[in-house]
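S.K.: First the structure, which I've put down as structure tokens, then a few questions once you've had a look.
The values are calculated or read from the model by the stated rules, or taken from the named source; none is laboratory data. Predicted, not measured: the structure shown is a model, and the values here were computed from it. Don't worry about glycine lacking a Cβ; one is built from the backbone with ideal geometry, like all the others, and counts go over all protein chains shown.
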Amino acid sequence: MASSTAMEELHVHEYDEPDDSSPSTNGTGPRSSKLKSRSDGAVFLSLGLLSVFLLARLISFFVYYRASEDKLSSVSEERDLLNASLTHLIEEMDRRQRWCNQKKMCPEGWRRFSSSCYLLSNKTGSWEESRKDCRDKGADLVIIDSLEEQKLLLNIITDHTWIGLSDRDDEGTWRWIDGTPLTEAYWGLDEPNNGGGDPRLGEEDCSEIVVGRNAERNWNDLPCHNSRHWICEHLA
């Protein structure tokens, strides 16, 4: 009996005091605590990384949105500027078109050629008187720029006629009334000759178109006080 009781107590003590060195089978021993700690650390690390990733995406999205917003704003401003420029251009074109339409109409009695209007005087006078009459009309003595214009004037005139060409300011240097030098001339044979050296004729500083001559050789120089018809010209 005593032996049996001792055996039972031994068995009881064996179950009451388990060996700490034995592997834990219920997951509450030191090993399971270490594994749980490692698992928790991995989870926290993953959550941290995920948070950093989400924060980076959020920052990227915000930067992209701001950039897109700024770009859209810039495009909108550029569009507005282009619209304003286009509107101004259209208004300027309309203004110029109206101006051109008005200018294309020559005054009554004037004859149109290319971009100019011409008027042949019905009286005679000196070169200075001729120019004053043209300027009083808002024009000036004619400037001849081409052979076509020269031929047109020959069809208008009926007598020797003043044109806006002289060398009064510098003998031998012929200039038009707007100050431009003569580059294409239609002088008659041996002209200009400044009177051919005859002192009785005086200085021949003004020019005329002579009727009845070839279109390419019908200019003549003569004293500016002589009396001639004249042709006025203003831009159409």
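S.K.: Return the total of residues in the range 199-230 being among the hydrophobic types (A, V, I, L, M, F, W, C) and out of contact with any strand residue (DSSP E or B) (no Cβ under 7 Å at 6 or more places or on another chain).
M.R.: The first filter runs over the range 199-230 and keeps only residues among the hydrophobic types (A, V, I, L, M, F, W, C), leaving 201, 206, 209-211, 215, 219, 222, 224, 230.
Adding the requirement that they be out of contact with any strand residue (DSSP E or B) (no Cβ under 7 Å at 6 or more places or on another chain) leaves 201, 211, 215.
So the count comes out to 3.
S.K.: How about the range 100-209: which strands (runs of 3 or more DSSP E) wholly inside it have at least 2 residues that are basic (Lys, Arg) and touching a residue at least 24 places away in the same chain (Cβ under 8 Å)?
M.R.: Numbers: elements: 111-113, 116-120, 161-166, 206-209.
Per the criteria, 111-113.
S.K.: Continuing with this model, one more query. Does MET93 satisfy the criteria of being in a helix (DSSP H, G or I), exposed (fewer than 12 other Cβ atoms within 10 Å of the Cβ) and modelled with pLDDT under 90? Let's see the steps before the verdict.
M.R.: Working: in a helix (DSSP H, G or I): yes; exposed (fewer than 12 other Cβ atoms within 10 Å of the Cβ): yes; modelled with pLDDT under 90: yes.
So MET93 passes the test.
S.K.: Can you find a residue that is under 14 Å from GLU208 (Cα atoms) and at pLDDT 95 or above anywhere in the range 152-159?
M.R.: No, because not a single residue in the range 152-159 is under 14 Å from GLU208 (Cα atoms) and at pLDDT 95 or above.
S.K.: List the pairs whose first member sits in the range 212-236 and is modelled with pLDDT under 95, whose second member is outside any loop (DSSP other than H, G, I, E, B) and of a type in the set (Val, Ile, Thr), and whose Cβ atoms are under 6 Å apart, counting only residues at least 6 apart or on separate chains?
M.R.: Between residues of the range 212-236 that are modelled with pLDDT under 95 and residues that are outside any loop (DSSP other than H, G, I, E, B) and of a type in the set (Val, Ile, Thr), the close pairs are ASN218/ILE209.
S.K.: Can you spot a residue in the range 183-202 that is modelled with pLDDT of 95 or more, within 23 Å of ARG112 (Cβ to Cβ) and hydrophobic (A, V, I, L, M, F, W, C)?
M.R.: No - not one qualifying residue is present in the range 183-202.
S.K.: Kindly check whether there is at least one residue in the range 189-198 that is in contact with a strand residue (DSSP E or B) (Cβ under 6 Å, 6 or more places away or on another chain), surrounded by 11 or more Cβ atoms within 10 Å (Cβ to Cβ) and among the acidic types (Asp, Glu). Let's see the steps before the verdict.
M.R.: As a first pass, look at the range 189-198 and keep what is in contact with a strand residue (DSSP E or B) (Cβ under 6 Å, 6 or more places away or on another chain): 191-192.
Filter once more, keeping what is surrounded by 11 or more Cβ atoms within 10 Å (Cβ to Cβ): 191-192.
Checking which are among the acidic types (Asp, Glu) leaves us with 191.
Scanning the range 189-198 turns up at least one residue that is in contact with a strand residue (DSSP E or B) (Cβ under 6 Å, 6 or more places away or on another chain), surrounded by 11 or more Cβ atoms within 10 Å (Cβ to Cβ) and among the acidic types (Asp, Glu).
S.K.: Among the residues of the range 210-236 satisfying the criterion of being surrounded by 16 or more Cβ atoms within 10 Å (Cβ to Cβ) and part of a loop (DSSP other than H, G, I, E, B), which is nearest to the chain's Cα centre (by Cα)? First the steps, then the outcome.
M.R.: Narrowing the range 210-236 to residues surrounded by 16 or more Cβ atoms within 10 Å (Cβ to Cβ): 210, 218-222, 224, 226, 228-234, 236.
Subsequent filtering for residues that are part of a loop (DSSP other than H, G, I, E, B) retains 210, 218, 224, 226, 236.
Details: VAL210: 48, ASN218: 46, CYS224: 48, ASN226: 51, ALA236: 27 Å.
Going through the qualifying residues, I end up with ALA236.
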